[in-house]
Amino acid sequence: MSNRVRNRKPTHPGKIFKEEILDQIGISITEASKRLSVTRKALSEVLNEKSALSPEMAIKWGIATNTNPDTWFNIQKKLTLSKH
């Protein structure tokens, strides 16, 4: 495995959720925040990589997408650990 692949910074879960979920189904941040029962600001900050994904938000994303919340939170955990 090359150093470039091993040393690649993990992708922020907000970027993945925005590009792979919201953009694909054509839903706005405002509409998504309503559906997730979170503030638009809280969701926007995660999607724009200004805040970390909280366990609570990971649970909401998991329920909304029928995926395992642990998957979302593990993405955040890898990103957080890569900074140390």
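Computed over the Cα atoms of the chain, pair by distinct pair, the Kirkwood hydrodynamic radius stands at 13.2 angstrom.
Overall, the range 35-84 carries a charge dipole of about 120 debye about its Cα centre when +1 sits on the Cβ of Lys and Arg and -1 on the Cβ of Asp and Glu, all other atoms neutral. Taken along the Cα-to-beta-carbon direction at a fixed 7 Å, the label points for Ala52 and Thr65 span 1.9 nm. For the range 28-54 and the range 59-82, what is the separation of their C-alpha centers, rounded to whole Å? A separation of 14 Å, based on Cα centres. Counting only DSSP H runs of at least 4 residues, each contributing -39500 (n - 2.57), and dividing by the residue count of the chain, the helix-based mean residue ellipticity at 222 nm comes to -16500 deg cm²/dmol. In this structure Phe73 has an accessible area near 70 Å², from a 1.4 Å probe over the protein heavy atoms. Computed extension gain for Gln24 through Lys78, at 0.36 nm per residue and net of the alpha carbon distance, reaches 17.0 nm. By definition, a body whose alpha carbon gyration tensor gives a ≥ b ≥ c is oblate when a/c is 1.5 or more and a/b is not larger than b/c, and the range 36-84 fits this oblate description. The residues of the chain expose, per residue, 69 Å² of accessible area to a 1.4 Å probe. Each Lys and Arg adds +1 at its Cβ and each Asp and Glu adds -1 at its Cβ; summed about the Cα centre, the chain shows a dipole of about 380 debye.
The values are calculated or read from the model by the stated rules, or taken from the named source; none is laboratory data. Everything numeric here is computed off the predicted structure, so don't read it as measured data. Glycine gets a Cβ as well: all are built from the backbone with ideal geometry, and neighbour counts include every protein chain shown. Quick note on the areas: whole protein, heavy atoms, side chains included, nothing else; ligands and nucleic acids left out. Shrake-Rupley method; radii C 1.70, N 1.55, O 1.52, S 1.80 Å.
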